[in-house]
Amino acid sequence: MRKNIVAGNWKMNKTLREGIELAKEVDQLLKDAVINCDVVLGVPFIHLASVVQAVDSKKIGIAAQNCADKESGAYTGEVSAAMIKSTGAGYVILGHSERRAYYGETPEMLKIKTELVLKHGLKPVFCIGEVLEEREKGIHFDVVKAQMAASLFDLSAEEFSTVTLAYEPVWAIGTGKTATPEQAQEMHAFVRRTIADRYGKELAETISILYGGSANPQNAKELFSNPDVDGGLIGGASLKAADFKAVIDGFNK
Ligand code: 13P
């Protein structure tokens, strides 16, 4: 009914040559493998065109990690959705907590970015998630709901149907402190209910909701076994082909 997806987020790692090498290794490991999910690699902008060429596009989708909030023009250093599309990439990760925290990305900017990504026929992988203090205060559900409402809920149902969500509790990112399977399932079910309230249950059931935050070969299977966890957005463990493949294998019976 909905897709399982394992997406890597390389963040700001790997030179171009190293990135092509890693993509080829992942491609090779998946070549004859039976896998039960879609696979996406989220790579730095300058890697996009080369990595698209380096892998079998039937097996591996490619994502940018951000895009500009402007269509085109005098915005030095920015990369537009149209440019990303022109590389052959199919996805854009938006709203990662690192971009919200370190680069001042606001819900309003992310709304514009989402609209531009959709306009250019790309699929957003939209990140949501609370910081530790918000969880400790017990407002994590409100925070996540507000993030979705502010950036996504003006989309039409048709537009929203192309969005993948990634729940990434900020306290679990790069910390080795994974959310428990129960915490992940609880929030994913909440996210799906929130989507259902806005777009209806039928559409909500088709949306893939990925978990991100210290997911690794050891915990992937248990996380993915939850009914509302449809895959993962993988940081550190996506930087080694064997580890990333082992996370993908979390979907094998
Ligand atoms: P880690 O898997 O390194 O915790 O990173 C998660 C993440 O931020 C993916 O976008």
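Read-outs: derived from the displayed coordinates by stated rules, not from any lab. As the structure is a prediction and not an experimental result, all values here were calculated from the model. Because the Cβ atoms are built from the backbone with ideal geometry, glycine has one as well, and the counts that use them run over all protein chains shown.
Worth pointing out:
- Ordering of 221-227, 233-239, 90-96 by packing [mean C-beta count within 10 Å, highest first]: 90-96, 233-239, 221-227
- Of the DSSP H helices in the chain, those whose Cα atoms cover at least 20 Å axially and whose Kyte score averages -0.5 or more: 16-31
- Restraint check, K11/K70; K11/K59; K137/K240, Cα-Cα greater than 29 Å: K137/K240
- For region 179-253, the normalised intensity computed at q = 0.14, 0.19, 0.20, 0.21 Å⁻¹ comes to -0.45, -0.74, -0.79, -0.85 (log10 of I(q)/I(0), Debye sum over alpha carbons, equal scatterers, no solvent).
- Cross-link partners of K14 among aspartates and glutamates (Cα-Cα below 17 Å; sequence separation of 8 or more within a chain): E25, D27, D243
- Largest-first principal axis extents of the Cα set of region 17-119 (Å): 43, 26, 25
- As a proxy for reagent exposure, ranking C37, C67 by other Cβ atoms within 10 Å from fewest up yields C37, C67.
- 3J(HN,Hα) couplings calculated from phi for region 157-166 with the Karplus curve 6.51 cos²θ - 1.76 cosθ + 1.60 (θ = phi - 60°) are, in sequence order, 4, 5, 5, 4, 5, 9, 7, 10, 9, 10 Hz; Gly and Pro show x.
- Each principal axis of the chain carries a Cα extent, and these read 49, 44, 34 Å when sorted largest first.
- Isotropic mean projected area of the C-alpha convex hull, region 59-170 (nm²): 7.6
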